[in-house]
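A short worksheet on the structure shown next.
The values are calculated or read from the model by the stated rules, or taken from the named source; none is laboratory data. Since we're looking at a predicted model, the values are computed, not measured. Backbone-built Cβ (ideal geometry, glycine too); neighbour counts: all protein chains shown. Side chains included, ligands, DNA and RNA excluded: accessible areas come from the protein's heavy atoms. Shrake-Rupley method; radii C 1.70, N 1.55, O 1.52, S 1.80 Å.
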Amino acid sequence: MVRMSAEERRESVIRAATAEFARGGYHGTSTEAIAKRVGVSQPYLFRLFPGKRAIFLAAAERCVEDTIRTFEEAAEGLKGEEAVAAMGRAYRQVIADHPERMQMQMQMYLAVAAAEADGDHEFGEAVRQGWMRLWDTVHLPLGADAGETTAFMANGMLINCLVAMGFPADHRVWAGLALPGGRTAC
């Protein structure tokens, strides 16, 4: 049996943490559950990450980076409405294939709101910085148009909500999902 390097083990922790946090949220997920999913002890987990917060933020960062990469690859060489359509299709495919990514996004926003309510503004700042990188990634292929970027991101959040609530793709709530230029998403 080949032993994993610390970096490979760290990656496996981030993947496991994403799945666990996506399902249980920040407060509902124990580091014990993450360690068990990876097959390591909690003390080993804490050699890789200083604590639960660091694990969550690493999973949140990965979630944002994965979404950025999805958008960049989809929009490569495209602009405007072609970029919108390609990024929208790619995102819908990712959340269909990897629902834990969308669920992790939703948990990120909830965790920030809870931290802010408790007076912890530093926690939210890390997630907000990721969101801004995501916004900037979408902004450029849309010709740096703030209105179109905002509409695209708003539609993405609506897609997240509809998927999270379990609306099937052929449900009537999807019919009016507008994209820039007045087209519909489905």
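In order along region 17-28, the Karplus-derived 3J(HN,Hα) couplings, from 6.51 cos²θ - 1.76 cosθ + 1.60 at θ = phi - 60°, round to 5, 4, 5, 5, 5, 4, 7, x, x, 5, 6, x Hz, and Gly and Pro are given as x.
Taking a ≥ b ≥ c as the square roots of the Cα gyration tensor eigenvalues, with a/c under 1.5 meaning rounded and otherwise prolate when a/b beats b/c, else oblate, which class fits region 101-164? Oblate, because a/c is 1.5 or more while a/b does not exceed b/c. If one takes the longest principal axis of the Cα atoms in the chain, at what angle in degrees, from 0 to 90 and to the nearest 10, does the Cα axis of helix 99-117 lie? With rounding to tens, the tilt is 80 degrees. Taking the helices alone, the chain has a mean residue ellipticity at 222 nm of -24500 deg cm²/dmol, built from -39,500 (n - 2.57) per DSSP H run of at least 4 residues and averaged over all its residues. I'd like the FRET efficiency for GLU76 and THR150, computed as 1/(1 + (r/R0)^6) with the beta carbon distance as r and R0 of 22 Å, rounded to 0.05. Using R0 = 22 Å, I get an efficiency of 0.45.
Could you give the nm distance between label points at HIS121 and ASP136, where each point is 7 Å from its Cα heading toward the beta carbon? About 2.2 nm, to one decimal. Annotation: per residue accessible area for the chain equals 54 Å², rounded to a whole number [probe 1.4 Å, protein chains only]. Full extension of the chain between ILE68 and LEU158 gives 30.6 nm of extra length, using 0.36 nm per residue less the Cα-Cα distance. In the complete set of protein chains, residue-level accessible area for MET4 is approximately 90 Å², probe 1.4 angstrom.
Taking a ≥ b ≥ c as the square roots of the eigenvalues of the Cα gyration tensor of region 55-100, is the shape rounded (a/c under 1.5), prolate (a/b larger than b/c) or oblate? Oblate, since a/c reaches 1.5 and b/c is not below a/b.
The fraction of accessible area contributed by carbon and sulfur in the chain is 55 percent, rounded to a whole number (1.4 Å probe; ligands and nucleic acids excluded).
When Rg/Rh (Cα atoms, Kirkwood Rh) is computed from the coordinates, the matching label among (i) 0.98; (ii) 1.01; (iii) 0.92 is (ii). Taking 25 °C and 0.890 mPa s as the conditions, I'd like the Stokes-Einstein D for region 13-89 in µm²/s, using the Kirkwood hydrodynamic radius from alpha carbon pairs. My calculation gives 177 µm²/s for D.
Highest average first, the peptides 156-162, 80-86 ordered by how many other beta carbon atoms sit within 10 Å of their residues are 80-86, 156-162.
Dividing the mean sequence gap of close Cα pairs (under 8 Å, 6+ apart) by how many residues the chain holds gives a relative contact order of 21 percent. Compared with the dominant principal axis of the Cα atoms in the chain, helix 80-97 is inclined by about 40°.
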